[in-house]
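Note sheet for the following structure.
The values are calculated or read from the model by the stated rules, or taken from the named source; none is laboratory data. Since we're looking at a predicted model, the values are computed, not measured. No Cβ is skipped: glycine too gets one built from the backbone with ideal geometry, and neighbour counts run over all protein chains shown.
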Amino acid sequence: MIRPLASLALGAAFAAVAVSAAPRVAAPAATPFRVGAVEVVSLRDAKNVVANDGQTFGIGHPTADVAAVLRARGAPADPITLGVDQLLVRLPGRVVLIDSGFGAKMNGVLVRSLAAAGVTPDQVTDVLITHGHPDHVGGLVDANGKPAFPRATMRMSAPEWQSLQQGRAAAVAPVIKAQVKTFAPGAQVMPGITAVALPGHTPGHSGYRISSGKQSLLVIGDTAHSAIVSLAEPAWRIQYDGDKQQGARTRERELAQLAATHQRIFAGHFPYPGIGYVVRSGAGYAFQPEQR
Ligand SMILES: [Zn+2]
């Protein structure tokens with residue numbers, strides 16, 4: 001009985017999310033990069049299409065102001081399209097996935113993108129979770145309600161595991177529980193990857209810094225959602241942030257730091273493949289995708 005019940009609960013949890021951000025089916029994609037000696041692959045799961053209706057981006061600001069920011073960067077004023085992308089990291093003896101997308105129940109194509117990168121789910125040794133929202137942990141459960149990555153250790157910060165079990169994706173928790181291993185915020189997770197505490201979006205929201213030699217890549221999680229609005233107006237509150245003030249503070253602080261240090265980033269909600277740099281632009285910032 002446990003499996004069908006878990007499946008139903010998972011569907012209900014996702015339905016609530018779909019109201020504000022309906023995932024769209026996207027074509028599988030796998031784009032390889034290097035960080036020093038480490039191969040990383042940007043993987044696509046889905047797309048999120050969000051109405052510019054004052055409910056999600058720029059809460060408390062007229063939608064015309066949000067539209068003006070989007071149009072100034074050559075984007076449609078409505079709706080706002082977000083990527084839902086993950087990262088594969090190949091380390092000695094490990095196949096690491098960072099986040100898992102919406103999952104097969106919500107038409108996510110991550111497993112097919114992984115296949116395009118030559119990886120089967122049972123080859124994944126570790127899944128690093130930035131936070132416990134459905135578009136990041138839904139894919140930990142397969143279409144039959146079983147663990148999608150049966151041999152992997154699921155790693156996330158201790159406060160995030162707490163919050164996941166009480167949040168919108170709580171139905172995932174019993175399925176993955178035996179595979180979960182938590183870490184203290186900011187801890188080194190494994191050789192070459194260190195967690196970065198980015199609280200506000202969720203209590204234990206973590207970025208991950210992948211380092212090899214003198215190069216590094218910071219996976220920013222949901223510190224910013226729209227490559228345009230979140231960077232042009234980092235202080236604007238966003239519906240997705242659990243603690244909207246702390247989320248905005250973390251976003252402002254991190255963007256300033258990323259621009260000042262010219263830190264290469266991966267942002268899973270930016271246009272695919274989501275790798276590039278944050279640069280200063282007017283009073284705010286802009287995303288400079290890496291040229292390939
Ligand atoms: Zn997200």
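Observations
- Odd one out for L82, checked against (1) in a loop (DSSP other than H, G, I, E, B); (2) within 15 Å of the ligand (Cβ to nearest atom): (1)
- Within segment 120-138, residues that are within 10 Å of the ligand (Cβ to nearest atom) sit with their Cβ atoms under 6 Å from residues that are part of a loop (DSSP other than H, G, I, E, B) and among the charged types (D, E, K, R), at 6+ positions apart or across chains, in these pairs: T130/D99; P134/R168; H136/D99.
- Just one residue in the set R90, R44 is modelled with pLDDT of 95 or more, closer than 25 Å to V137 by Cα, under 21 Å from the mean Cα position of the chain (by Cα) and away from the ligand (no atom under 16 Å from the Cβ); that residue is R90.
- Here the condition is being over 21 Å from H136 (Cβ atoms), of a type in the set (G, A, S), buried (at least 16 other Cβ atoms within 10 Å of the Cβ) and more than 15 Å from the chain's Cα centre (by Cα); of A286, A248, A256, it holds for A286 alone.
- Residue in segment 184-193 that is under 28 Å from P79 (Cβ atoms) and among the polar types (S, T, N, Q) present: no
- The one condition in (1) within 16 Å of the ligand (Cβ to nearest atom); (2) assigned to a helix (DSSP H, G or I); (3) aromatic (F, W, Y) that F102 fails to fulfil: (2)
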